[in-house]
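First up is the structure itself, then whatever we jot down about it.
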Amino acid sequence: MDRQNFNKFGVGLLLVALGVCVGLFGHDLVTRTFAGQMNIHGTEAMRSTSPDGKLDAVLLEDTSGGTLGGVFWSVYVVPKGSAVPKDALKRLFFADELTKGAIAWSKPHLLEIHYDKASIMQFRNISTKSETGLEYVELRLVPSSEYSLLTPEGAWRSDN
């Protein structure tokens with residue numbers, strides 16, 4: 001193979017590798033880079049009103065997972081009856097895997113996020129008045145099992 005054909009082959013191989021990387025990792029890189037500027041998409045999977053009737057907790061399911069698909073889960077706290085904000089900075093919980101996910105108020109200012117298995121990318125345990133529009137809320141994670149995404153040796157489980 002002469003040098004000119006070798007260079008064309010190398011450029012072609014590089015472009016194929018770049019295309020595969022963009023297809024596999026593009027959505028995740030864009031999400032991490034522009035998370036605060038992106039609009040939120042999705043449908044309400046669950047809405048729960050606080051015991052004092054002032055706030056709603058909303059579990060949002062987003063199936064706009066990019067090239068490879070996927071489902072993302074978010075939790076927001078809003079004034080009762082209000083729409084979910086379009087600003088990802090007001091998101092209090094974000095997971096790219098959530099099995100048996102549910103939200104429940106245990107007290108007027110205490111929201112629990114129940115799940116069996118989750119890959120949580122973002123979690124804040126306190127929402128401020130800027131997110132809720134009214135008052136502070138504490139959030140707690142409540143796994144329903146001892147399941148771990150990692151093996152006892154610290155490796156990623158193959159059955160995830």
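Any read-out appearing in this document is the output of simple, stated calculations on the displayed coordinates, not a laboratory observation. All figures in this text were calculated on a predicted structure; none of them were measured in a lab. Counting neighbours? That spans all protein chains shown, and the Cβs are built from the backbone with ideal geometry, glycine included.
Counting every other Cβ atom within 10 Å of each residue's Cβ, 128, 43 order from fewest to most as 43, 128. In terms of surrounding Cβ atoms within a 10 Å radius of their Cβ, 73, 105, 156 rank from fewest to most as 156, 105, 73. Among the GluC sites (Glu not before Pro) in segment 98-154, those located in a DSSP loop and surrounded by at most 10 other Cβ atoms within 10 Å of their own Cβ are 146, 153. Annotation for residue 150 and residue 82: the two label points, set 7 Å from Cα along the Cα-Cβ direction, are 3.7 nm apart. With θ taken as phi - 60° and the Karplus curve 6.51 cos²θ - 1.76 cosθ + 1.60 applied, the whole-hertz 3J(HN,Hα) list for segment 71-80 is 10, 10, 10, 9, 10, 10, 10, 9, x, 3 Hz, x standing for glycine and proline.
Relative to the current alpha-carbon distance between residue 100 and residue 157, full extension at 0.36 nm per residue lengthens the span by 18.6 nm.
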